[in-house]
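Accompanying notes for the structure given below.
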Amino acid sequence: MSSSYDPTLKTLVETSPADWLPLLGLPRKRVTVEDTDLATVVSGAVDKVLRVHAQPQYLLHLDFQSGHDSALLPSRLRLYNSVLDYRHDRLVLSVAVLLRPEADSPQLTGSLERRSPSQGLIALLHYRVLRVWQVPVEQLLAGGVSTLPLAPISDVSEAQLPEVIRRMKERLSRTRKRRLAEDLWAATYVLLGLRYSDALANLLFQEVLGMEESTTYQAIIRKGRLSEARQILFDLGQERFGPGDEATVRKLNAIEDVRKLEELIKRVLDVRSWQELLQPASRRRRNGRRPRNTVD
């Protein structure tokens, strides 16, 4: 997992996966989410893979990027592309989704070649690059609900944000599913943090949405704080233990208590692996570990 924003983007993709095809300039087709647990083949987890039921069927691999390691992304895309091709025996279209300008790199040209001085071209991967900050905001405001939370970090200025949030409010007020609207607003709040301060995000939500006292607003803030705590834990854990596998990511994403995440953050330096960090408190005591900062 490349960043703490991945869980938010994965949730958006699963909300309505077909919405992502028009955003990439692809014909809208029926789409299903594909199982991508490749831990037995490669370390880490592929961001999101969709099976597009076109003729012929193909896999759409979305790799979300918000950090500064994009120079390594083409090689990672080639690795995942090859493994997915081998595992599913399907054409695989890989797309690097860059969430902010800081994630860009001159290496992201859309193709990766490997040549030999004597043999010429040995390997070639063509991939797509979606730079979200270059996407016209009108395309997102008029597109599917799954991609709507990208609107505030698209091609807009800070001065345009109140109007963008207002139009999103009009759009989401028509949905009959309150939980869906909450999830989409929470994703919007989290993604705003890629380009703007928490203070500005709070101000936008309070003034434009008028939700200071509402349960919806409180749910959005809670989910935003959960994401922030997960970001710190993911970053510290990856630096100390390396990338977590799919099972580890699921366990971390299942924690819905900010205090438990904060306790895990405190324990990172006391343990030697993701498995040890996440094991139950009773098991840690039997192993002779200190019971402080436990998470049950």
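The values are calculated or read from the model by the stated rules, or taken from the named source; none is laboratory data. Please read these numbers as outputs of a predicted model, since none were measured by experiment. For the accessible areas, the whole protein counts, side chains as well, though only heavy atoms, and no ligand, DNA or RNA atoms are used. Shrake-Rupley method; radii C 1.70, N 1.55, O 1.52, S 1.80 Å.
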- Task: Step through the table entries K169/K260; K10/K260; K48/K169, compare each Cα-Cα distance with 29 Å, and write down the pairs that go over it.
- Result: K169/K260
- Extension gain from E170 to D69, taking 0.36 nm per residue of separation minus the Cα-Cα distance: 32.6 nm
- Task: Starting from the Cα-Cα distance between A199 and R30, subtract it from 0.36 nm times their residue separation and give me the gain in nm to one decimal.
- Result: 56.9 nm
- Among all the aspartates and glutamates, which ones have a C-alpha under 14 Å from K266's C-alpha, if same-chain residues fewer than 8 places away are not counted? D235, E276
- Query: Hey, what's region 55-155 come to in accessible area per residue, 1.4 Å probe, Å²?
  - Reply: 48
